[in-house]
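The values are calculated or read from the model by the stated rules, or taken from the named source; none is laboratory data. Only a predicted model underlies this, so the values are computations on that prediction, with no experimental measurement involved. All Cβ positions, glycine included, derive from the backbone under ideal geometry; neighbour counts span all protein chains shown. These accessible areas exclude ligands, DNA and RNA; they are computed on the full protein's heavy atoms, side chains included. Shrake-Rupley method; radii C 1.70, N 1.55, O 1.52, S 1.80 Å.
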Amino acid sequence: GDDDSVSSEEWEEDQDLIDDVGDIVEPNTDHKKVLVTGGGGFIGSAVAAHLLNRGDDVVIVDEMNDYYDPKLKEANLKYLRSICPDESRLSIYRCDICDESFMLHVFEKERPKWVCHMAARAGVRPSIDDP
């Protein structure tokens, strides 16, 4: 009836399903080329640094807007370049991800197989005013 309890048989069936999914979806631990949108920001640059430090290649696209001081974002990019001076492993593009033709160019040139979408407007109000 209205009882939300789960029988032991139902619980075991759920666990079997969870186990099956775990067998199907294996983590990809191979080398990756990852496009990180918003890679100049606080979180995006931290993600990019982690990827670079574990050996992956990173492509950053960030419009470097002035919602907060662009010098902070430039400092983040400078730090990333300091941990990875190899331009073949770290590419940086200062452009808007909404620029479809430029993004097509980036994808055609860089050929990333993974995208980590970290770009966003900082704060709720700017996201509402300019989604």
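Worth pointing out:
- Any hit, region 110-121, residues being open to solvent by 30 Å² or more (accessible area, probe 1.4 Å) and over 16 Å from T37 (Cα atoms): no
- Which numbered condition S88 fails, given (1) more than 13 Å from V61 (Cα to Cα); (2) open to solvent by 60 Å² or more (accessible area, probe 1.4 Å); (3) in contact (Cβ under 8 Å) with a residue 60 or more places away in the chain: (3)
- Count of residues meeting criterion [exposed (fewer than 13 other Cβ atoms within 10 Å of the Cβ), assigned to a helix (DSSP H, G or I) and charged (D, E, K, R)] in region 33-80: 2
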